[in-house]
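Comments concern the structure below.
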Amino acid sequence: MKHSVLVRSAVLTVTTALAAVALAVPAEARHRVYADTLPAVTPRAETPVLHDDEEGGNADADDPAIWRNAAAPGRSLVVATAKEGGLHVYDLYVHLVQSIAAPPAAGEDDAPGRFNNVDLIHGLRLSAGKADLAVTSDRGHDRLRFYRIDRDKTGGPLTDITDPAAPPVFSQDQAEINDQQTAYGLATWTDPATGKSYALVSRRERTSIALLELLPAAGGKVTYRKIRTLDLPSSFRLPNGTSWSPCGEPGELPQVEGMVVDPANGMLYAGQEDIGIWRIRADLTGTPKLIDKVREYGVPGVYDEETEECTPGTDPGFGGTKISADVEGLTLLTESDGDGYILASSQGDNTFAAYDRELEDANEYEGGFRITAANDTLDGSEECDGAAVLNAPLGSKYPNGLLVVQDGHDAPGDGDRAATNFKFVDLGKIMSALDN
């Protein structure tokens with residue numbers, strides 16, 4: 001975004017004032033001081049609640065993608081993952097259009113299918129012709145799954161066209177798959193120079209990101225081949241000369257989940273949950289650049305085996321000021337003039353941060369917002385795992401475009417049952433919040 005000198009001065013003045021206020025409160029509460037100053041936006045609708053228990057089919061809302069029906073924008077769809085609950089497809093009125101079960105376990109003692117993230121590919125050339133696809137990471141089987149989108153198909157708009165011979169993304173065998181250091185975060189990308197389509201896939205509990213080329217297979221199916229893998233750092237040198245790694249369970253490294261590619265410049269933005277947001281060439285060549293850090297960056301911690309939680313030590317003050325761990329749900333908000341934002345979910349303070357997508361502006365922070373309750377029955381978004389945005393008219397329901405975000409704690413809830421769903425937000429409200 002381009003700011004005038006006057007606006008930049010105002011932003012600097014407000015930021016300085018906020019910093020002064022923050023220093024007057026304990027470190028563990030500083031993020032709330034900033035978060036509470038951000039504009040609040042309310043959702044227009046929410047999907048039916050999901051419950052991550054046996055009665056609810058172990059369905060846990062995680063990540064959405066928005067497919068625009070160019071012929072009839074008002075009949076567009078939201079495709080969303082529900083982990084062991086599979087894939088759910090909603091219309092713009094938050095009605096469930098289709099539910100697809102995750103694949104069963106390979107064997108009696110093996111991990112079941114578990115859909116973590118979802119993204120879209122438009123116009124992929126298959127043996128049966130071009131098609132729009134929903135692509136998901138199946139953490140349970142360490143594979144990608146592909147679903148052809150046909151809005152008017154009898155039985156539902158999504159059809160599984162995954163090649164049965166598609167290989168594991170990271171694992172060598174079923175025993176390694178069962179350890180669940182498997183396919184996790186996901187972003188798709190089509191290289192405009194070559195027309196080839198790719199998926200970038202992160203690995204659970206590791207810092208790895210793999211680049212996979214998507215390929216047609218016999219019978220209209222889709223498979224992939226691995227091009228290369230990049231490992232982000234797990235340990236960091238701090239300004240005081242010490243080495244730091246974020247606290248976590250023994251053996252676990254700081255993983256990446258939220259990812260998005262800007263097709264205009266071929267840059268991947270990847271959220272390393274306990275570290276911050278990286279900018280990397282989408283072909284995974286070159287040197288990654290950390291464009292922002294979480295507030296907790298550099299804070300030491302001790303893992304407690306009994307509570308399975310980390311006890312943080314004294315904050316040395318090396319972290320960022322705009323996002324709190326975990327950083328999740330990265331999505332790209334494009335504008336017709338080439339401007340736009342990288343949006344990121346800041347789970348630690350239930351806010352969303354916006355960064356300039358333009359490289360010449362160094363992906364500078366542009367503002368943020370909260371998604372709060374519209375009324376007693378339609379709550380906001382807390383601990384958001386995934387988000388998707390589309391800046392295009394979607395019929396009369398969302399003429400300004402749509403932002404869909406996961407809500408990790410749906411309210412009013414149902415007793416002690418874990419409750420999650422997705423919130424639909426008028427994008428016009430988001431743009432107003434970021435412009436103010």
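The values are calculated or read from the model by the stated rules, or taken from the named source; none is laboratory data. The structure presented is a predicted model; accordingly, all values stated were derived computationally and were not measured. Note that each Cβ is placed from the backbone with ideal geometry, even for glycine, and that neighbours are counted across all protein chains shown. Note: accessible area is taken over every heavy atom of the protein model, side chains too, but ligands, DNA and RNA are not part of it. Shrake-Rupley method; radii C 1.70, N 1.55, O 1.52, S 1.80 Å.
Here are the numbers:
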item	result
Alpha-carbon Rg/Rh ratio, for the range 159-291, with Rh computed the Kirkwood way	1.01
Estimated FRET transfer efficiency when R0 is 56 angstrom, pair Ser235-Ala72 (beta carbons, to 0.05)	0.65
Kirkwood hydrodynamic radius of the range 118-211, Cα pairs, Å	14.2 Å
5 angstrom amide H check on Gly367, placed H, neighbours 5+ away	Ala354
If the convex hull is drawn through the Cα atoms of the range 33-173, its volume per residue in Å³	181 Å³
Computed [θ] at 222 nm, helices only, for the chain once each DSSP H run of length n ≥ 4 contributes -39500 (n - 2.57)	-2500 deg cm²/dmol
Whole-Å semi-axes of the chain's equivalent ellipsoid (Cα gyration tensor)	32, 26, 23
Relative frequency of Cα-Cα separations exceeding 21 Å in the range 212-287, percent	45 percent
Those Cys residues of the chain for which no other cysteine Cβ falls under 4.7 Å	Cys384
Tail fraction, Cα-Cα pairs, the range 73-136, threshold 14 Å, whole percent	65 percent
Equivalent ellipsoid dimensions for the range 266-411 as semi-axes, Å, which come from the Cα gyration tensor, largest first	28, 23, 12
Whole-angstrom gap from the range 30-88 to the range 327-359, using each part's C-alpha centre	17 Å
Share of carbon and sulfur in the accessible heavy-atom surface of the range 395-436 [1.4 Å probe, %]	45 percent
Over the range 326-436: Rg over Rh, Cα atoms, Kirkwood Rh	0.99
Solvent-accessible area per residue for the range 160-273 (1.4 angstrom probe, square angstrom)	40 Å²
Nearest-0.05 FRET efficiency for Ala128 and Asp339, computed from C-beta distance (R0 45 Å)	0.75
